[in-house]
1. Taking region 2-30, which residues are hydrophobic (A, V, I, L, M, F, W, C) and over 13 Å from the mean Cα position of the chain (by Cα)?
2. Scan region 100-157 for residues that are of a type in the set (Phe, Trp, Tyr) and touching a strand residue (DSSP E or B) at 6+ places or on another chain (Cβ under 8 Å) and report the count.
3. When you scan region 35-45, do you find a residue that is more than 13 Å from the ligand (Cβ to nearest atom), within 28 Å of Ser151 (Cβ to Cβ) and without any contact (Cβ under 8 Å) to a residue 60 or more places away in the chain, even just one?
4. Test Leu84 against the criterion of being in contact with a Lys or Arg (Cβ under 8 Å, 6 or more places away or on another chain) and modelled with pLDDT of 95 or more, and give yes or no.
5. Can you find a residue that is out of contact with any Cys (no Cβ under 9 Å at 6 or more places or on another chain), surrounded by fewer than 16 Cβ atoms within 10 Å (Cβ to Cβ) and touching a residue at least 40 places away in the same chain (Cβ under 8 Å) anywhere in region 83-99?
6. Exactly one condition in (1) under 17 Å from Glu156 (Cα atoms); (2) within 9 Å of the ligand (Cβ to nearest atom) is false for Val31; which is it?
7. Please determine whether any residue of region 89-106 is in a loop (DSSP other than H, G, I, E, B), more than 11 Å from the ligand (Cβ to nearest atom) and more than 14 Å from the chain's Cα centre (by Cα).
8. Only one residue in Asn60, Asn47 is touching a Pro at 6+ places or on another chain (Cβ under 9 Å) and either surrounded by fewer than 16 Cβ atoms within 10 Å (Cβ to Cβ) or under 16 Å from Met166 (Cα atoms) (or both), so which one is that?
Amino acid sequence: MYSGPIILIGFMGAGKTTIGQLLGQITGLPVIDTDITIVEQEKRTINTIFNQHGEEYFRNVESRVLRQVVNENAVITTGGGIVLRAENRQLLKETGSTFFLECEPNVVVERLAEDDTRPLLKNKSLAEITQMYHNRLPLYKECATCTIDTSTLTMEEVTELILKRMK
Ligand code: S3P
């Protein structure tokens, strides 16, 4: 019997969404994705929110959504930039069950090569993405109850590790 929240944080392409779904299936807990909740509440895609209102607006909505869901008895998957704001990091730290899915930037770039849904990766070089990753790394680590390097593990193996830590 597992209880939530089980929160997944990490860079774009780290596998948060896939692993969150697997965790939901195994634990029976509902899965809440902050990006999906933002799209539902705003009735627009992430790309459209960035294009029409800019990143600051998106971050405001993201913080609001995190406050709404952070204590739910659920698996909660988050957007890669959720750790940018101190108020969000504080909430994530307080739960005590925040898992950082670490993933090398070159693996991220490979995984997201055909993906055009991430406004912050648009027209970015590997060097720029690597820089963004390194800027964020200490923020993910600050919030994490546990860090799991996903670069060489299958999604199933990562899920198993998280469940072991939740027992
Ligand atoms: C972002 C990550 C995205 C999404 C938005 C911004 C970021 O979520 O929230 O495009 O700043 O890293 P994923 O991590 O699910 O791609």
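1. Matches in region 2-30: Leu22, Leu23, Ile26, Leu29.
2. 2
3. Checking region 35-45: not a single residue is more than 13 Å from the ligand (Cβ to nearest atom), within 28 Å of Ser151 (Cβ to Cβ) and without any contact (Cβ under 8 Å) to a residue 60 or more places away in the chain.
4. In short, yes.
5. The answer is yes, given that some residue of region 83-99 is out of contact with any Cys (no Cβ under 9 Å at 6 or more places or on another chain), surrounded by fewer than 16 Cβ atoms within 10 Å (Cβ to Cβ) and touching a residue at least 40 places away in the same chain (Cβ under 8 Å).
6. Failed condition: (2).
7. yes
8. Answer to the selection: Asn47.
The values are calculated or read from the model by the stated rules, or taken from the named source; none is laboratory data. Worth saying up front: this structure is predicted, and the values here are computed from it rather than measured. So basically every Cβ, Gly included, is an ideal-geometry build from the backbone, and we count neighbours across all protein chains shown.
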